[in-house]
1. Roughly what % of DSSP beta bridges within the chain run antiparallel, to the nearest 5?
2. For segment 13-232, calculate the relative contact order in percent as a whole number, restricting contacts to Cα pairs under 8 Å that are 6 or more residues apart.
3. Want the number for GLU235 to GLU154: 0.36 nm per residue separation, take away the alpha-carbon distance, what's left?
4. Out of ASP186, ASP214, ASP202, any idea which swings most in a Gaussian network model of the chain, alpha carbons joined below 10 Å?
5. Just check segment 88-149 against the gyration tensor rule for me: Cα atoms, a ≥ b ≥ c as the square roots of the eigenvalues, rounded for a/c under 1.5, and otherwise prolate or oblate depending on whether a/b exceeds b/c.
6. Compute a Gaussian network model of the chain, connecting alpha carbons closer than 10 Å, and tell me which residue from VAL75, VAL209, VAL26 fluctuates the most.
7. Using helices alone, what [θ] at 222 nm do you get for the chain, with -39,500 (n - 2.57) per DSSP H run of 4 or more residues, divided over all residues and rounded to the nearest 500?
8. Using the Karplus curve 6.51 cos²θ - 1.76 cosθ + 1.60 with θ = phi - 60°, work out ³J(HN,Hα) for each residue of segment 173-187 in order, rounded to whole Hz, and write x for Gly and Pro.
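Every number here is computed from the coordinates shown, using simple stated rules; none is lab data. As the structure is a prediction and not an experimental result, all values here were calculated from the model. We place every Cβ from the backbone using ideal geometry, glycine too, and count neighbours over all the protein chains shown.
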Amino acid sequence: MTTDGMGAYTASPAWEARDVCRIYSVDSREVQALRGINLTVQAGEFVALKGRSGSGKTTLLNCLGGLDKPTSGAVRCFGSNLQDMTESELTCWRRDQVGYIFQSFALLPTLSAYENVELMLRLAQAKAKDRRERTSYCLDLVGLAKWSDHRPYEMSGGQQQRVAIARALANSPRLLLADEATGELDSQTAREIMAFFRRIVDQEHLTLVLATHDALVDSFADRVIRLADGQIIPETQP
């Protein structure tokens, strides 16, 4: 990722949202979760979406990852129009292009750290040799090579989240999406996870979008986008 000398990113866009609106029907009334979002994320950026609960950050993240469809507007990711894809095409696209990290870790409790990560490669029908090499690499990347045989209940919250990060990286995604990934962690462990995100973006040349309300992210992200009531708050607004 490069800049133009004035701090502006000049890399190609990874993701673009244009006039994105998302309206839900709740108890026979309409709820506007997103109200005309316009946003571009460059390849190789670490971008944080910040806002209180209900601000629209998770809905925007889901639209970005193809887990939800805008009511109106367009979402493009690495040149592909997500709204033009069929459900089967979206499934393949998510599997090949996107890694997801959740607040609850979502690890399978009966599987070891190694097996949780390798499972993603099995689903992608990777060869056994490739599975072994990639799984070992991802666990080493997050500092858990010595914990590969441990199950989630034998690990701390921070270690479980690092396994979840390794799993998200297993299929070599271009885009990493994290939703409140530090929400269940203490502040010191949350800082360590943020540092992992920063290092992974720099080392793996990924694009990372993190939805969070954690103030720690300001020290690690390239850019912080603040949302309220489904809209982006201008930087000049307090």
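1. 50
2. Reported as a whole number, the value is 32 percent.
3. Between GLU235 and GLU154, full extension yields 24.8 nm more.
4. Result for the chain, Cα springs under 10 Å: ASP186 fluctuates most.
5. oblate
6. VAL26
7. -10000 deg cm²/dmol
8. Result, rounded to whole Hz: x, 8, 10, 10, 10, 10, 10, 6, 5, 10, x, 9, 10, 6, 4.
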